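Quick notes on the structure that follows.
Here, each number is a calculation from the coordinates, and none is a lab measurement. Note that the structure is predicted; figures quoted are calculated from it, not measured. Here the Cβ positions follow ideal geometry from the backbone for every residue, glycine too, while neighbour counts run over all protein chains shown.
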Amino acid sequence: MTDRLGELTAAGVAVWLDDLSRVRLSSGGLDQLRREKHLVGVTTNPTIFAKALSDAGEYNWQLRDLASRGVTVEEAVRMLTTYDVRWACDVMRPAYDASGGVDGRVSIEVDPRLAYETDKTVAEAKALWWLVDRPNLFIKIPATEAGLPAITATLAEGISVNVTLIFGLERYSQVMEAFLAGLEQAKANGHDLTKIASVASFFVSRVDTEVDKRLEKAGSAEAKALRGKAAIANAQLAYERYAEVFSSARWQALADAGAHPQRPLWASTSTKNPDYRDVIYVEELIAPGTVNTMPEPVIHAFADHGDVRGGDTVTGAYDDARTVFAGIASAGVDFDDVIDTLEREGVEKFEASWQELLDGVRKSLEAAAGGVGQPNRAARDNAAAAARAGGNA
């Protein structure tokens, strides 16, 4: 029987799961994927945690304990999510050890409401690093303008980083610059570079969703013929930039000190348009030294009918990718505006999911504290403090 995921791994693509829940952990499902499907990493985000906590009773015992302690909703969310990520890190530890610290990583994201605040992002990254306390953790930081210096500062502390919400080439170049600067500072600070890792999460399918919508609006046959091509071309040209940066003399100096390159990670790889092949964002983005983080259905789909085609499907496609972008520009699609829109919407979507997560945990804490609709001790204390502050105003 063909081991398609094994072939994908042999072609240089690390298979990661874009999902996590306590049910997946307690059932042994995550460990089974690691053992049977070549899984070597896990990514999470606020949307994943909002879903996990909304449809599972696995959290009830911990919610009862947190309610008894009267913790705030924000602290409860931090305790619940870091518990799951710590557990996942332990499940993935064999992959971490086998790869010399390159894989076996599990990601947790900073509060997305801090996406435009550098210092608070760094402080949150450090707090999550301390709380999970596992060497195979990644802290996810969004690639906003405020996130770039936070990436550098966090790496400089010796903390491994997954840079998320990258959509465009210029921002990706800035992310790689932030990575190199962070490692240089980490080295100056005396950190062991062999212990630090990073990936740059370059989003894929969302690009096609936005560009296709604009190509449809353009209406010409030439424009419509370009549907489903922008995301792959964008990622292929990102890999071209990656290859240039990580063959430079500046990088070689860090590599000589034991540093691992910041691998491109293809994110958002489930197909949003049912007219497209369900594994297109895996098959068309096979290149050495990359990560593809997939929802579980995509992992199973590739195991069933994915085609590795003998290896690299990226490095020989740069000219074709540039032709795609020339056509998109000729169709009147402003790709810079596409990227700006996707970054803004990406942050907004994660903020909305984070608020959903907070609201869900708040209701669960209230229920655990003595009945739905009854405030827990933290809520009563907060209300009392607000009243006192109002009286002193």
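Values as computed for the structure displayed
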{"item": "Listed residues 270, 44, 233: farthest to the positive end of the dipole of the chain (Cβ charges)", "result": "44"}
{"item": "For region 2-63 and region 106-171, distance of Cα centres in Å", "result": "21 Å"}
{"item": "Whole-Hz couplings from phi, Karplus 6.51/-1.76/1.60, listed for region 204-211; x for Gly and Pro", "result": "10, 4, 4, 5, 4, 4, 6, 5"}
{"item": "20 Å Cα-Cα reach of residue 224 towards lysines, excluding residues that sit fewer than 8 places from it in its own chain", "result": "213, 272"}
{"item": "Within straight-line cross-link reach of residue 195, lysines at Cα separation under 19 Å, skipping those fewer than 8 residues along the same chain", "result": "126, 140, 187"}
{"item": "For peptides 196-209, 20-33, 289-302, sequence by mean Cβ density within 10 Å, most packed first", "result": "196-209, 289-302, 20-33"}
{"item": "Residues of type lysines that residue 363 reaches as a straight line, Cα spacing below 22 Å, ignoring anything fewer than 8 places off in the same chain", "result": "51, 349"}
{"item": "By average C-beta atoms within 10 angstrom, highest first, the peptides 122-133, 261-272", "result": "261-272, 122-133"}
{"item": "Virtual spin-label span in nm between residue 252 and residue 74, 7 Å along Cα→Cβ", "result": "4.7 nm"}
{"item": "222 nm mean residue ellipticity, helices alone, for the chain (DSSP H n ≥ 4; -39,500 (n - 2.57); rounded to 500)", "result": "-18000 deg cm²/dmol"}
